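Contents: one structure, followed by commentary.
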Amino acid sequence: MENLKMEKQSGLIITTSLINLLRKTLFENLGQKKAGKFLLRFGKDLGLETGKALLETGKNRIEALQLAELLHIDTGHISQLTKYGVVQKPEEDMIFKNFSGMWHGSFEVESHLQDFGKANECSCYIISGFISGVLTVVLEEDIFVKELTCRSKGDEHCTYNVNTRKYWESNGEVLDIYEDDKFIEELEMTYDKLLKKTMQLNEVNNFHSKITDTIAQKNDLSKLLETAYTILKIPIFIVNLNGEVIENIGHENISTIEWAKVIKSNKHTKVHLQKSYKLHMAPIYVDQETFAYCCFVYPKDNELTQNDLVYLERLAVASSVCFLYEKISFETTERFKINFLERMIYNHFKDNGEMYLHANYIEPKISPAFCTLAIDIKENSNVPIDAYQIILNLSRELKKYQLTGMLSKKDRYIVLFLYNLEPQREYTDSVKRLLKNALQNFNYKVGISNEFIELHDFKVSLAEAEKAMNFPTKDEFVYYSELGIYSSLLENLKPETLRQVAKQELKSLLDPDEKSRTLLYTLYIYLKNNQKLEKTMMDLSLSIGGTKYRLQKIEDIIGKKLKDATTFAFLLIIIETLLLSKEISFD
């Protein structure tokens, strides 16, 4: 035992707790195959040093092997070692005859099961290497102890077989324990890969840091792309869902048609090959919906680097933050405008002075000429009406059509108040294109007021726009200035007077029952068709007899002949005035 103590003090024996830590670290960083080779070589080197130290104490070979076994057990590497067979040492080669056995209580088995679970190969690498190293020194020949079964992979015992290196290799065994150069090369390759990966990560982190700083300073999208292009030297495009370029840098423009075709086929990040270039694309999300696409443009023959996908996706995320900043800023500004216009609509300002004071805070500054539009959007069963979202969409598109204005909601319709209108400039075409694009999924009707100069005349212009919007016509755009006599009638005629005149002339045709409404509608169509019987018959889908019957019934009720020119004109004015003032409706 004194000899045993001496060996412990020599520093050649390593405790199992340290080896367990080494094992776990190697497996996690190198993987099982490379870690196994390393541990096998480590065990062998430990065995070689231990064998040399034992022989230097003056022990003979048998004593040295016995002491090595005791050291192995005493340090907790194994609890017991059994062996069978015969070893012969002729003049040339050593011969092992069925030299095998088993070791019990392997610390490597317990360590592997605890850290990684059941193994798929024998896992007592250090023990196998250690015994191989001791035997190699003591017996003066390359010896390899091969583990045959192992409890770490579910076998009942850890069993082994011992023989010379020459024997194993002659039987086709590849002995990793002797592949020093190859193992070093693998370690070097692993190091090179780790170094390359580290450098790539550093590049990505530098890119991420730069664009994060750009966003943190609340720069716009163009500044973000400029920062990214300075680092990557890759042309970049940001395009919306219609293929329209929002921002780009480093490349000549690609047509909207080309972008639209690419976007139509794009669902996830992917590469699109074109005639002379290729596009690498990633979606930009805002509020969990695809808002636009971030695109890298390369010459067709260029190879993409491993980091390109990471750069692209990080830039797409950064772009979404820019869009979100812009959206929040825009909506904050628009909410102020919506509130201001709403107060004008419902006359919530104390006086004109207060209205002008609040108007000073609007950007761009409010100045004449002005015009008010009333937009009635019809319900569509396929697309529900979200008035607030429509207002924001229209507000966002105004600048694109060189219009300045604000929007809000009144009752069932939307009010668009345009300002800063240039004299002699025809703006209605721009309005029509704006609404056609922004409301393409809806049917709508627009009433347009006369232009005005004084802001306090807004209420008058709103009334004009409402009257034009409610005028009974199939036209999408109705100008108050074109209503002629009807607009004058509505301005000067009190609602109560209108109802009295209508009741006096139309009598029971104004009753709310369905029969009276049908007769009133027949009268209106007949008058609108300038008393043409055949046209009226076709519009109402009636026979000539049915049409004549209804007209006779109407004459009996009102007590007048419809062929009389004065009666004809007066009744048409009354009915259209009732429709325009919303006293009646044929919807």
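Do you know which of the residues in the stretch 176-235 that are assigned to a loop (DSSP other than H, G, I, E, B) and at pLDDT 85 or above is farthest from the chain's Cα centre (by Cα)?
Lys233
Among the numbered criteria (1) open to solvent by less than 40 Å² (accessible area, probe 1.4 Å); (2) at pLDDT 80 or above; (3) farther than 18 Å from Glu147 by Cβ, which one does Gly36 miss?
All conditions are met except number (3).
Select from the stretch 108-124 the residues that are buried (at least 22 other Cβ atoms within 10 Å of the Cβ) and in contact with a Phe, Trp or Tyr (Cβ under 8 Å, 6 or more places away or on another chain) and write down the one among them that is farthest from Thr25 (Cα to Cα).
Cys124
Of everything in the stretch 408-444, what is within 14 Å of Ile385 (Cβ to Cβ) and not in a loop (DSSP other than H, G, I, E, B)? Give them in sequence order.
Once the filter is applied, which keeps residues that are within 14 Å of Ile385 (Cβ to Cβ) and not in a loop (DSSP other than H, G, I, E, B), the stretch 408-444 yields Lys409, Tyr413, Ile414, Ala438, Tyr444.
Return a yes/no flag: does the stretch 138-158 have any residue that is surrounded by 22 or more Cβ atoms within 10 Å (Cβ to Cβ), part of a helix (DSSP H, G or I) and β-branched (Val, Ile, Thr).
Checking the stretch 138-158: at least one residue is surrounded by 22 or more Cβ atoms within 10 Å (Cβ to Cβ), part of a helix (DSSP H, G or I) and β-branched (Val, Ile, Thr).
Would you be able to say whether some residue in the stretch 79-93 is closer than 22 Å to Tyr160 by Cα and free of Cβ contacts under 8 Å to residues at least 12 places away in the same chain?
Yes, some residue in the stretch 79-93 is closer than 22 Å to Tyr160 by Cα and free of Cβ contacts under 8 Å to residues at least 12 places away in the same chain.
Would you confirm whether any residue within the stretch 381-388 is open to solvent by 50 Å² or more (accessible area, probe 1.4 Å) and among the β-branched types (Val, Ile, Thr)?
yes
Restricting the stretch 159-169 to residues that are closer than 12 Å to Glu141 by Cα and not in a strand (DSSP E or B), which is most open to solvent (accessible area, probe 1.4 Å)?
Lys166
Would you please list the contacts, defined by Cβ atoms under 7 Å and residues six or more apart or on different chains, that run from a residue in the stretch 552-575 that is farther than 20 Å from Ser508 by Cβ and open to solvent by less than 60 Å² (accessible area, probe 1.4 Å) to a residue that is of a type in the set (D, E, K, R) and in a helix (DSSP H, G or I)?
Once the first residue is farther than 20 Å from Ser508 by Cβ and open to solvent by less than 60 Å² (accessible area, probe 1.4 Å) and sits in the stretch 552-575, no partner that is of a type in the set (D, E, K, R) and in a helix (DSSP H, G or I) comes close enough.
Identify the residue in the stretch 245-288 that is assigned to a loop (DSSP other than H, G, I, E, B) and surrounded by 13 or more Cβ atoms within 10 Å (Cβ to Cβ) and, among all such residues, is modelled with the highest pLDDT.
The residue in question is Gly250.
Scan the stretch 298-310 for residues that are open to solvent by less than 20 Å² (accessible area, probe 1.4 Å) and either farther than 18 Å from Leu232 by Cα or in contact with a helix residue (DSSP H, G or I) (Cβ under 6 Å, 6 or more places away or on another chain) (or both) and report the count.
The number of residues fulfilling the criteria is 1.
Only one of these is open to solvent by 10 Å² or more (accessible area, probe 1.4 Å) and in contact with a helix residue (DSSP H, G or I) (Cβ under 6 Å, 6 or more places away or on another chain): Lys399, Lys432, Lys436, Lys410. Name it.
Answer to the selection: Lys410.
Which condition from (1) hydroxyl-bearing (Ser, Thr, Tyr); (2) open to solvent by 10 Å² or more (accessible area, probe 1.4 Å); (3) in a helix (DSSP H, G or I) is the one that Tyr361 breaks?
Only one criterion in (1) hydroxyl-bearing (Ser, Thr, Tyr); (2) open to solvent by 10 Å² or more (accessible area, probe 1.4 Å); (3) in a helix (DSSP H, G or I) is unmet by Tyr361, namely (3).
The values are calculated or read from the model by the stated rules, or taken from the named source; none is laboratory data. This structure is a prediction, so every number in the text was calculated from the model and none was measured. Because the Cβ atoms are built from the backbone with ideal geometry, glycine has one as well, and the counts that use them run over all protein chains shown. For accessibility, only protein heavy atoms count, side chains too; no ligands or nucleic acids. Shrake-Rupley method; radii C 1.70, N 1.55, O 1.52, S 1.80 Å.
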